[in-house]
Amino acid sequence: MNWHYLSVEESLELTGSSPAGLTSAEAAAKLVEIGPNTLQEKKQKSAFLIFINQFKEFMSLVLIAAAIISGIVGDLTDSIIIVIIVILNAVIGFAQEYRAEKAIQALKQMAALQAVALRDGQTVKIPAAELVPGDIVLLEAGNVVPADMRLTESHSLRIDESALTGESVAVDKTSDQLASEDIPMADRLNLAYKGTLITNGRGQALVFATGMKTEIGKIAGMLQEEDALTPLQVRMADYARKLSFIVLGICAVLFGMGLLRGEDPMNMLLVSISLAVAAIPEALPALITIALAMGARRLARQNALIRHLPAVETLGSVSYICSDKTGTLTLNKMQVVAVEEAASSIPSFSDSTLSLGMALNHDVRTTAEGTLEGDPTEIALVEYAIEKSGREGYEKILTTFPRIAEIPFDSDRKCMTSIHAFGEKYLVFSKGAVEYISAHLRPAENTTEILAKSEKYGAKGLRVLAYAWKIMDHIPEPLSVEIIESELVFSGLAGMIDPPRPEVKLAIEECRTAGIKPVMITGDHPATAAAIASDIGILDENGLVLTGLELRNMSFEEFEEKVERVCVYARVSPEQKINIVKALQAKGHFVSMTGDGVNDAPSLRAANIGVAMGINGTDVSKESADMILLDDNFATIVKTVKEGRRIYDNIRKFVKYIMTCNSAEIWTIFLAPLLGLPIPLLPIHILWINLVTDGLPGLSLANEGAEADIMKQPPRKRSESLLAGGIALHILWVGILMAGVTLGVQAWAIEQQHVHWQTMVFTVLSLSQLGHVIAVRSEKIFLYKQGIFSNKPMLLTIVFTGILQLGIIYLPAANEIFKTQPLDLNELLICLGLSAVVFHAVEFEKWLKARNYFFKAIQSK
C-alpha cells in the first residue's frame, strides 16, 4: 500500500480509525489479531547445535580422520594435538555464526519504549509495543518514531532518517497528500518511520504498520539471511577436498602395489597410514588462524577493527568497494563552498548583506567551550559568517542587531525569518528555498537570473539557500507572514555541500591501480551524489548513475547487464542494496560494502565483507559488519586492502612451504619401498616435522612484508585456487628434490653401513625444510637483496628450531623418545651440506622466472 499517496481521510478509513483514534476495545482486539509492535526473530539454533555444526566443515573432517589415523598408528600425542586444533577452529567458527543474533538484538533496542497515543479520545502514554494500525500518535522533538505512520498534522516537523534512508540531512515533513505514487522512501515526506529521530517541531500521525511489517522490521527479516562465504573459506574448502582425494589415492596405490609385490598386508597398512599422516598438514588451520589474528592486530593500529577473523584475508580479494557517501567519502560536515552576493547594502553597515544574514538568521547556539550546536546546515552558514567577520566581529553583529522576534521555518513555506532591532526601526532577514524567496522579492529584482544561478549550483550537487532583507518601521501584531515576507531585497545565494575527504581522491586512484572498482551507494539526491563522485574520481564519462526508482523499474536481466558499468546509486532502498551486492557477486566479484545506518545492515551481511562506521555507525550496522572503521574513512579501507593482500600472500607462502615439506615426506615414504629401502621415517618423526620443523618457521612467514608491487596487481579471481601461480608445480618439483636428497642420504648411509642412517635421514629432511622456508619468503626477491634481518622473527625461529633439532639428536632423553642416535661430526657436516641443496635450488628458480619475464618483455617490444 502506498500510504503517502492517500489522503488523511482515506488512511483513516483503511485502518478503521478516526481523528479521535481507536477505542481501548478496538486496540485490544487488533493487538490480539496482529501481535505486538516488536521485532521478531526466526527460531534460533541452540548454542550447542551451532557449535556441533562447526565440525561438519570438510577440513575439520579431514583433521578428525588424521587424529583417528594417528591413534591407529599408536601415537596418542599426535591425536591429542590434532583434536585440540579441530576444537580451536570450531570455537572460532561458533563465535562468527553467533554474531547474527547480536545484530537483531541491537535492532530491537532502537524501538521506542513509550508512545503518546489517542485512546477513547484521550491522550494516554502506552508502551510502544502495544501500538496497532489505526492508533493516532502525538510526536515531538526528541522522540523516536514508534511505528510506521502517515502524518495527519505537521508543525515545523523535521525527522532525521539517515539511519534508515541514508539521507544526510534531516527531512522536513508535511501532512499533505503527495501527487506521485511511485517515489523512493527518502521522498515520502508525509510518512514517519519506526526507529527514526524527530529533531524539530511536533506533529500527529496515524499508525499504518507495526512490528515486522514496518520498514525497520523488513530489514530485521533480511538480517536473518546466511552470511556470504569469505574467499579463504571457499579456497580452503576446495583445497581440503582435493588434498583428501589425492592423499587417499596415493595411499590406495601404495597399499595395492605392496600387496602385488607380496608384502605383508598389515605392514603395508601401517606404511599407508604413515603416508596419510605425513600428507595431512595438521598445523595449517592453526597457522592460518594465527596469521589472521596477527593481521587483525596490525589493522587495529590502522583504525580498522576486525570482528570476523577471515575478513582480514577477504580484504585482499575484493574487486568492488561499494561505499556510502556521507562520512566515508565525505567529511560528514556541511560547508559553504559557493556564494553569490547581491550588490545591495544596508545603510550605515559596510559588510555584505549576505554574510550579515548568515550571522543573524539561524538557531545555532554557542556552548561554553565555544563550539557551535544546532542544525548542520545552519552551523555551516554561521561558520562562514565567522570566517568572513572573525569571532569578535560575529559577536559584535549579534549585540548590534539583537533578535526581537522570528517566524520559524516550516515545510510549507521552506523559509525562516528573523527580526532584529535596527535603531528605531526593524531589520528583517529571510532565509529559505530559492523558489520561495525569489517569489517574495521586490519587483526590481531579476528573479530569472537568480533562479538560473541557483540551478547552476544545484547541478553541481550543492544545496542552495537564498537570503533577502528589508527594513520596516514597525512590526505588525500578531506577526503576519504575508506582510513581513514581502517586498524583500535580495542578499545572495549560499551553496553548501558535504565536501570530500582530502585523502579520498588518492585512495580511489590507488583502488583503480589495484584493479578495484569503487562504487558510491547513497540515499542522497542523484545530482549531489554524481557531483561528489565526479570530483573524487569514482564517476567518469563511461560510468552510469542509477536511482532507486530506475532500478525498481528495471528487469533483473537489464540490471545484470549494466551492473558493472554503474558507478553511483542514489536513493536506493535496503532491498536494492542487497540486490546490487548479489548482482556483483553473480558476476564473479568479491564485494565490500560500507555503511553506517540501519538500512545498510542487510547489505553489510550479504557482502563478502561488510564494513561499518565506528564514529557515526549505528549499533545494528556494527553488529552486522565484519570490520569497523574507527575513523569512518574510505582511505583506511584501501590500507586494509593492502594488508589483506599481504596476509593472503603470506598464507600462500604457508601453503607453499608446508605442502612442499609434506610432499617431500610423501615422496620419501612412497618411493623408499619401491626402491627397496626400508621405511625411512617413524610416525614420531613425521609428527615432529609437521608441527615443529614445518609449524614454527611457517608461522614466522606471517611477518613477511608486502611485495613492492602488491597494489599494482589485479584482485584474485573468484575461481583461483590456493595453489595457483605456479605453487602446485613448486610443491611437486621441490618436494621430489627434497625427497631425492633425503633418499640419497638414506641409500648412501645404508651402503656405508652407518648405523645412524635414520637419524641422518630425519636431520636432512628437517634442515632442508629450514633452508626452504628462507627461500620462499619472496617469490621474486633473492635472499641477498632481502637480507636475513628483514624478518627477525623468522631468523630467531630458525635458530631456535635448529637448536631443538640438535637437541633431539644429542640429548639422551630425546634419543629415547624420538628413537634417534647422536651423529658424529662428519655425519652432521654431511647433513648440513646436503640440506643447503634445496635452498639454492629455490633461489635458482627465482632467477629462471626473472629471465623468463625478461625474455617475454623483449618479445613484446
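Do we have any residue at all in the stretch 553-572 that's hydroxyl-bearing (Ser, Thr, Tyr), surrounded by fewer than 21 Cβ atoms within 10 Å (Cβ to Cβ) and under 23 Å from the mean Cα position of the chain (by Cα)? No - not one qualifying residue is present in the stretch 553-572. Within the stretch 667-696, the set of residues being modelled with pLDDT of 85 or more, in a helix (DSSP H, G or I) and surrounded by 19 or more Cβ atoms within 10 Å (Cβ to Cβ) comprises Trp667, Thr668, Ala672.
Residue-wise test of (1) exposed (fewer than 14 other Cβ atoms within 10 Å of the Cβ); (2) modelled with pLDDT of 90 or more; (3) over 49 Å from the mean Cα position of the chain (by Cα).
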position	(1), (2), (3)
Val773	no, yes, no
Phe789	yes, no, no
Ile803	yes, yes, no
Leu811	no, yes, yes
Leu823	no, yes, yes
Cys831	no, yes, yes
Ala841	no, yes, no
Asn852	yes, no, no
Lys856	yes, no, no
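Out of the stretch 775-787, which residues are farther than 19 Å from Tyr657 by Cα and either open to solvent by less than 30 Å² (accessible area, probe 1.4 Å) or among the acidic types (Asp, Glu) (or both)? Scanning the stretch 775-787 gives a single hit, Gly787. It is to be established whether one or more residues within the stretch 614-623 are open to solvent by less than 10 Å² (accessible area, probe 1.4 Å) and in contact with a strand residue (DSSP E or B) (Cβ under 8 Å, 6 or more places away or on another chain). Yes, the stretch 614-623 contains a residue that is open to solvent by less than 10 Å² (accessible area, probe 1.4 Å) and in contact with a strand residue (DSSP E or B) (Cβ under 8 Å, 6 or more places away or on another chain). The single residue among Lys642, Lys656 that is under 24 Å from Gly744 (Cβ atoms) and of a type in the set (Lys, Arg) turns out to be Lys656. Checked against the criteria, Leu299 counts as over 24 Å from Asn690 (Cβ atoms), part of a helix (DSSP H, G or I), at pLDDT 70 or above and open to solvent by less than 70 Å² (accessible area, probe 1.4 Å). Set side by side, the residues Glu406, Glu378 differ, and just one is within 21 Å of Glu485 (Cα to Cα) and within 34 Å of the chain's Cα centre (by Cα), which is Glu378.
Once the stretch 243-263 is narrowed to residues that are of a type outside the set (Ser, Thr, Tyr) and modelled with pLDDT under 75, the residue that is surrounded by the fewest Cβ atoms within 10 Å (Cβ to Cβ) is Arg261.
Against the list (1) surrounded by 17 or more Cβ atoms within 10 Å (Cβ to Cβ); (2) at pLDDT 85 or above, the condition Leu729 fails is (1). Listed by first and then second residue, the pairs linking a residue in the stretch 598-612 that is under 16 Å from Pro310 (Cα atoms) to a residue that is modelled with pLDDT under 85 and β-branched (Val, Ile, Thr), with Cβ atoms under 8 Å apart and 6 or more places separating them unless they lie on different chains, are Asn608/Thr230; Asn608/Thr314; Ile609/Thr230; Ile609/Thr314. Among the residues of the stretch 491-532, those that are under 23 Å from Leu381 (Cβ atoms) and acidic (Asp, Glu) comprise Asp498, Asp524. Which pairs have Cβ atoms under 8 Å, sit 6 or more apart or on different chains, and link a residue in the stretch 177-188 that is open to solvent by 60 Å² or more (accessible area, probe 1.4 Å) to one that is in a loop (DSSP other than H, G, I, E, B)? Every condition considered, the pairs that remain are Gln177/Leu6; Gln177/Ser7; Gln177/Asn190; Glu181/Asn2; Asp182/Asn2. Taking the stretch 1-39 as the range and being closer than 29 Å to Asp187 by Cα, part of a helix (DSSP H, G or I) and of a type in the set (S, T, N, Q) as the test, the residues that pass are Ser11, Thr15. Ala368 falls short on exactly one of the conditions (1) under 37 Å from the mean Cα position of the chain (by Cα); (2) open to solvent by 30 Å² or more (accessible area, probe 1.4 Å); (3) over 19 Å from Ser430 (Cβ atoms); (4) not hydroxyl-bearing (Ser, Thr, Tyr), and that condition is (1). Per the conditions (1) in contact with a Phe, Trp or Tyr (Cβ under 9 Å, 6 or more places away or on another chain); (2) open to solvent by less than 40 Å² (accessible area, probe 1.4 Å); (3) part of a loop (DSSP other than H, G, I, E, B), the sole criterion not satisfied by Ile159 is (3).
Condition check ((1) in contact with a strand residue (DSSP E or B) (Cβ under 7 Å, 6 or more places away or on another chain); (2) surrounded by 15 or more Cβ atoms within 10 Å (Cβ to Cβ)) across all residues:
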position: Thr330; (1), (2): yes, yes
position: Ser352; (1), (2): yes, yes
position: Leu356; (1), (2): no, yes
position: Glu373; (1), (2): yes, no
position: Glu378; (1), (2): no, yes
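For the stretch 339-381, a residue qualifies if it is more than 23 Å from Ile159 (Cβ to Cβ) and in a helix (DSSP H, G or I), and the qualifying residues are Thr353, Leu354, Ser355, Leu356, Gly357, Met358, Ala359, Leu360. Hey, any hits in the stretch 555-565 for a residue that's under 23 Å from Asn633 (Cβ atoms), outside any loop (DSSP other than H, G, I, E, B) and of a type in the set (A, V, I, L, M)? No, the stretch 555-565 contains no residue that is under 23 Å from Asn633 (Cβ atoms), outside any loop (DSSP other than H, G, I, E, B) and of a type in the set (A, V, I, L, M).
Taking first residues from the stretch 316-345 that are under 12 Å from Phe634 (Cβ atoms) and partners that are outside any loop (DSSP other than H, G, I, E, B) and aromatic (Phe, Trp, Tyr), the Cβ contacts under 7 Å between residues at least 6 apart in sequence or on separate chains come to Ser323/Phe634; Thr328/Phe634; Leu329/Phe634. Can you tell me which residue within the stretch 177-212, out of those that are of a type in the set (S, T, N, Q) and in a loop (DSSP other than H, G, I, E, B), is farthest from Ser573 (Cα to Cα)? Among them, the one singled out is Gln177. Residues of the stretch 79-117 that are buried (at least 20 other Cβ atoms within 10 Å of the Cβ), within 23 Å of Met149 (Cβ to Cβ) and at pLDDT 65 or above: Ala115, Ala117.
Filter the stretch 574-613 for residues that are part of a loop (DSSP other than H, G, I, E, B) and farther than 25 Å from Val169 by Cα; which is most open to solvent (accessible area, probe 1.4 Å)? Among residues in the stretch 574-613 that are part of a loop (DSSP other than H, G, I, E, B) and farther than 25 Å from Val169 by Cα, the one most open to solvent (accessible area, probe 1.4 Å) is Lys587. Can you find even one residue in the stretch 265-276 that is modelled with pLDDT of 75 or more and open to solvent by 10 Å² or more (accessible area, probe 1.4 Å)? There is at least one residue in the stretch 265-276 that is modelled with pLDDT of 75 or more and open to solvent by 10 Å² or more (accessible area, probe 1.4 Å). One residue stands out in the stretch 126-151 among those that are assigned to a strand (DSSP E or B) and either modelled with pLDDT under 90 or open to solvent by 30 Å² or more (accessible area, probe 1.4 Å) (or both): the one that is nearest to Ala192 (Cα to Cα), namely Val144. Could you please give the count of residues in the stretch 624-638 that are small (Gly, Ala, Ser) and either in contact with a Pro (Cβ under 7 Å, 6 or more places away or on another chain) or open to solvent by 10 Å² or more (accessible area, probe 1.4 Å) (or both)? Matching residues across the stretch 624-638 total 1. Could you tell me whether the stretch 391-404 includes any residue that is open to solvent by 20 Å² or more (accessible area, probe 1.4 Å) and assigned to a strand (DSSP E or B)? Among the residues of the stretch 391-404, at least one is open to solvent by 20 Å² or more (accessible area, probe 1.4 Å) and assigned to a strand (DSSP E or B), which makes the answer yes.
The values are calculated or read from the model by the stated rules, or taken from the named source; none is laboratory data. All figures in this text were calculated on a predicted structure; none of them were measured in a lab. Cβ coordinates were reconstructed from backbone atoms using ideal geometry, including for glycine residues, and neighbour counts include every protein chain displayed. Each accessible area value is taken on the protein alone, full model and side chains, heavy atoms only, with ligands, DNA and RNA left out. Shrake-Rupley method; radii C 1.70, N 1.55, O 1.52, S 1.80 Å.
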